[in-house]
């Protein structure tokens, strides 16, 4: 199974971290308790005011600030997505946010998404969702404070396809904030992820979005963010229990540079150390035998592949 249509990928504009992500789950046997939503999202004026106040415009370089200000002023649609609390290693989540091409590359290897996100410069990616959306996404600002972080993305894109009688063009600004939450009952790290999105459509796109597509956009973005967080939990758990499998997977990422592949491998081995140190020596050998690297694809893709597809992978 490949990616289900992402409802125009947030109306055809580049919200690569939110709406052009994973397919809808093919299997219902995976509990969603690994990721909790702590609100239902909002498009209220107060949420928008708070998001604008949180944007560090005075610290964003002038060229980037001038590029995003028109979208912020005249956004066709503002949405604060439901805040997610996800069980995930903090270093791995930070890596996913700053090197999103590596996560998308993993989806390509697993066969669960048509999305491509190819670096075209420092902190800049070319997006293609495989269903009519293309564009460019840029990380225009990043801040860290302790284990918390703030990122500002700017995207520009076009949609051509059956969901609109005309090509739709527009831009978006994403304010992404993340930070530590209380650990899970078993001691695993938990993180919160909050995304505020501003979407500014050009010309005919404004009317199409406001009159027809807004409910679809809101639902799709929230659903895809939830699925991304579930995937990150699965990847984080795999790093803890099967680090060498993740290391081998990193080596297969053809669209990810060598430095990022090495960083992912290092994060996986580091995440596994607490769990490994807590096990007796014999148990470590048994665990290594059970967590064979060639099983990792099944572990990571189980939620998004059909039973037939999983059986085919297991027979390979």
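The values are calculated or read from the model by the stated rules, or taken from the named source; none is laboratory data. The structure displayed is predicted, hence computed values, not measured ones. No Cβ is skipped: glycine too gets one built from the backbone with ideal geometry, and neighbour counts run over all protein chains shown.
Mind listing whichever residues of the range 149-167 are within 17 Å of the chain's Cα centre (by Cα) and surrounded by fewer than 21 Cβ atoms within 10 Å (Cβ to Cβ)?
Let us first name the residues in the range 149-167 that are within 17 Å of the chain's Cα centre (by Cα), namely 149-155.
Within the range 149-167, 149, 150 meet the criteria.
Which residues, taken from the range 13-62, are closer than 15 Å to residue 77 by Cα, in a loop (DSSP other than H, G, I, E, B), at pLDDT 60 or above and touching a strand residue (DSSP E or B) at 6+ places or on another chain (Cβ under 7 Å)?
41, 43
Please verify whether residue 300 is at pLDDT below 90 and assigned to a loop (DSSP other than H, G, I, E, B), treating the condition exactly as stated. It would help to see each step written out before you state the result.
Values: at pLDDT below 90: yes; assigned to a loop (DSSP other than H, G, I, E, B): no.
For residue 300, the condition - at pLDDT below 90 and assigned to a loop (DSSP other than H, G, I, E, B) - is not met.
So that you can scan it fast, the table gives a plain yes or no per residue for (1) at pLDDT below 90; (2) at positive phi; (3) surrounded by fewer than 19 Cβ atoms within 10 Å (Cβ to Cβ):
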| position | (1), (2), (3) |
| --- | --- |
| 88 | no, no, no |
| 96 | no, no, no |
| 100 | no, no, no |
| 105 | no, no, no |
| 119 | no, no, yes |
| 126 | no, no, yes |
| 130 | yes, yes, yes |
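Output the residue which, of all residues in the range 175-233 that are under 17 Å from residue 133 (Cβ atoms) and assigned to a strand (DSSP E or B), is modelled with the lowest pLDDT.
Across the range 175-233, the extreme among qualifying residues is 201.
State the number of residues belonging to the range 120-154 that are touching a residue at least 24 places away in the same chain (Cβ under 8 Å) and over 28 Å from residue 51 (Cα atoms).
Residues meeting the conditions: 3.
Only one residue in 60, 38, 87 is touching a helix residue (DSSP H, G or I) at 6+ places or on another chain (Cβ under 8 Å) and closer than 30 Å to residue 185 by Cα. Which one?
87
Just to be sure I understand, how many residues within the range 73-99 are touching a strand residue (DSSP E or B) at 6+ places or on another chain (Cβ under 6 Å) and over 22 Å from residue 36 (Cα atoms)?
Total satisfying the criteria: 5.
In the range 251-260, is there at least one residue being under 28 Å from residue 133 (Cβ atoms), at pLDDT 95 or above and in a helix (DSSP H, G or I)?
For the range 251-260, residues under 28 Å from residue 133 (Cβ atoms), at pLDDT 95 or above and in a helix (DSSP H, G or I): present.
Looking only at the range 66-93, which residues are more than 24 Å from the chain's Cα centre (by Cα), in contact (Cβ under 8 Å) with a residue 40 or more places away in the chain and in a helix (DSSP H, G or I)?
70
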